[in-house]
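The values are calculated or read from the model by the stated rules, or taken from the named source; none is laboratory data. The structure displayed is predicted, hence computed values, not measured ones. Neighbour counts are summed over all protein chains in view; Cβ atoms, including those assigned to glycine, are modelled from backbone coordinates with ideal geometry.
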Amino acid sequence: MRLRIGTSGWHYPTGKGTWNGIFYPLPEDRQRGFDELSFYAERFNAVEVNSTFYGQPRANATLAWARRTPADFEFAVKLFQKFTHPAMSVDQGPVTQADVDAFKGGIDPLAAAGKLGPLLVQFPSSFQRSPEAAEYLAWLMKAFAGYALAVELRHRSWSDARETAVLLAEHGAAWVQIDEPKFSSSIRQDLIGGEADLYYLRFHGRNAAQWWDHAEAEDRYNYLYSPAELEPIASKVREALSTGTRTVDIAKKAYLFLNNHFSAQAVANAVTLKKMLDEPITARMPAEMVERFPDLAGIVSTLPRARLL
């Protein structure tokens, strides 16, 4: 399967933007044994894991994920913050080979199960291009050689330098395409990508007003794409996947993840994208989800209301 569409994370139990009562039943309405990941995996074929950013992955946890998902499901796994955001890392100190080995050991069960997608190497907007930064990026990609790598660079200094594409290509890494509010320092991209065998696109939403000025971190991702906003991006994806208009099949595998997670808006937009890109939509959606996002009524069939399950 070349195209995988999902959301960034699957577990949002608290906050104003919780998924409970929208995509998942409220805790008091859940049947015995209800499992969020299994429910999610019936509707999407991939997920981007956020929890590994906040702590090194644990093999017992990733083994459980593998066992709770279908055979063709994949996990794109975000690197631990020590590798990309050292100033905010809970584990201070220089990055070591032991850190690399710990991460690899934690995701081994996913790899063994054939369910490991790309590793997401997400840098902050403060990570600007410099000789030292480029050298570190090269070292990091070499440290994780053998894995599919998707590198997210947010500062414009990277897209302004032709050397960036060359560096990523040398290591076979995909340059993550991102849709987000654009500021003067924001990276510039065409959303089609380079010539890697991997295409990776992240949708962060376009909530410019609360991108930097927000009371809670989740407020930044409070944005619902309209179909009119998604269709031009879907067209770019079709171009990236096309073999007839380019000299190289640049996207043998493609991953699209919605990160506008507030109140399950990512779920709604992911379903709409699946429809636009002619991906099958078979599992039913909760009635509460369709009530919250009426545009889905013409796309999905619905489950009974949670209290009737």
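I need the full set of residues from region 102-161 which are charged (D, E, K, R), under 15 Å from THR62 (Cα atoms) and assigned to a loop (DSSP other than H, G, I, E, B), in order please.
Within region 102-161, the first condition is being charged (D, E, K, R), and the residues that meet it are 104, 108, 115, 129, 132, 135, 142, 152, 154, 156, 160.
From what's left, under 15 Å from THR62 (Cα atoms): 104, 108, 115.
Across region 102-161, the qualifying residue is only LYS115.
Go through (1) assigned to a loop (DSSP other than H, G, I, E, B); (2) modelled with pLDDT of 95 or more one by one and return the number of the condition LEU201 breaks.
(1)
Tell me which residues, restricted to region 146-164, are among the small types (Gly, Ala, Ser) and either over 23 Å from SER130 (Cβ atoms) or at pLDDT below 95 (or both). Give the derivation first.
Within region 146-164, the subset among the small types (Gly, Ala, Ser) is 146, 148, 150, 157, 159, 161.
Of everything in region 146-164, those that are among the small types (Gly, Ala, Ser) and either over 23 Å from SER130 (Cβ atoms) or at pLDDT below 95 (or both) turn out to be GLY146, ALA148.
Just for helices (runs of 4 or more DSSP H) wholly inside region 206-309: which have at least 3 residues that are at negative phi and at pLDDT below 95? Write out each step before concluding.
Details: elements: 227-241, 265-276, 287-292.
The qualifying helices (runs of 4 or more DSSP H) are 227-241.
Only one of (1) surrounded by fewer than 16 Cβ atoms within 10 Å (Cβ to Cβ); (2) more than 15 Å from TRP175 (Cα to Cα) fails for VAL100. Which number is that?
VAL100 satisfies every listed condition except (1).
Looking at (1) over 22 Å from GLU36 (Cα atoms); (2) surrounded by fewer than 14 Cβ atoms within 10 Å (Cβ to Cβ), find the lone condition where PRO70 falls short.
The one condition PRO70 does not meet is (1).
Name, by its number, the condition in (1) free of Cβ contacts under 8 Å to residues at least 12 places away in the same chain; (2) closer than 28 Å to ALA254 by Cβ; (3) in contact with a helix residue (DSSP H, G or I) (Cβ under 8 Å, 6 or more places away or on another chain) that does not hold for ALA64.
(3)
Can you list residue pairs whose Cβ atoms sit under 9 Å apart, with the first residue in region 87-113 being within 18 Å of PRO124 (Cα to Cα) and in contact (Cβ under 8 Å) with a residue 40 or more places away in the chain and the second being assigned to a loop (DSSP other than H, G, I, E, B) and acidic (Asp, Glu)? Count only pairs 6 or more apart in sequence or on different chains.
Pairs found: none.
Looking only at region 134-166, which residues are closer than 17 Å to ARG188 by Cα, surrounded by fewer than 20 Cβ atoms within 10 Å (Cβ to Cβ) and not basic (Lys, Arg)?
Hits for region 134-166 are HIS155, SER157, SER159, ASP160, ALA161, GLU163, ALA165, VAL166.
Among the numbered criteria (1) in contact with a Gly (Cβ under 8 Å, 6 or more places away or on another chain); (2) crowded, with 21+ Cβ neighbours inside 10 Å; (3) over 30 Å from GLU42 (Cα atoms); (4) not hydroxyl-bearing (Ser, Thr, Tyr), which single criterion is violated by PHE83?
(1)
Okay, residues lined up against (1) in a loop (DSSP other than H, G, I, E, B); (2) under 29 Å from ALA283 (Cβ atoms); (3) at pLDDT below 95:
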residue: LEU37; (1), (2), (3): no, yes, no
residue: PHE44; (1), (2), (3): yes, yes, no
residue: VAL47; (1), (2), (3): no, yes, no
residue: PRO57; (1), (2), (3): yes, yes, no
residue: ALA61; (1), (2), (3): no, yes, no
residue: ALA71; (1), (2), (3): yes, yes, no
residue: PHE75; (1), (2), (3): no, yes, no
residue: PHE83; (1), (2), (3): no, no, no
residue: GLY93; (1), (2), (3): yes, no, yes
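Quick check, is ALA215 farther than 23 Å from GLY17 by Cα and either surrounded by fewer than 16 Cβ atoms within 10 Å (Cβ to Cβ) or within 20 Å of the chain's Cα centre (by Cα) (or both)?
Values: farther than 23 Å from GLY17 by Cα: no; either surrounded by fewer than 16 Cβ atoms within 10 Å (Cβ to Cβ) or within 20 Å of the chain's Cα centre (by Cα) (or both): yes.
Considered against the rule, which asks whether it is farther than 23 Å from GLY17 by Cα and either surrounded by fewer than 16 Cβ atoms within 10 Å (Cβ to Cβ) or within 20 Å of the chain's Cα centre (by Cα) (or both), ALA215 comes out as no.
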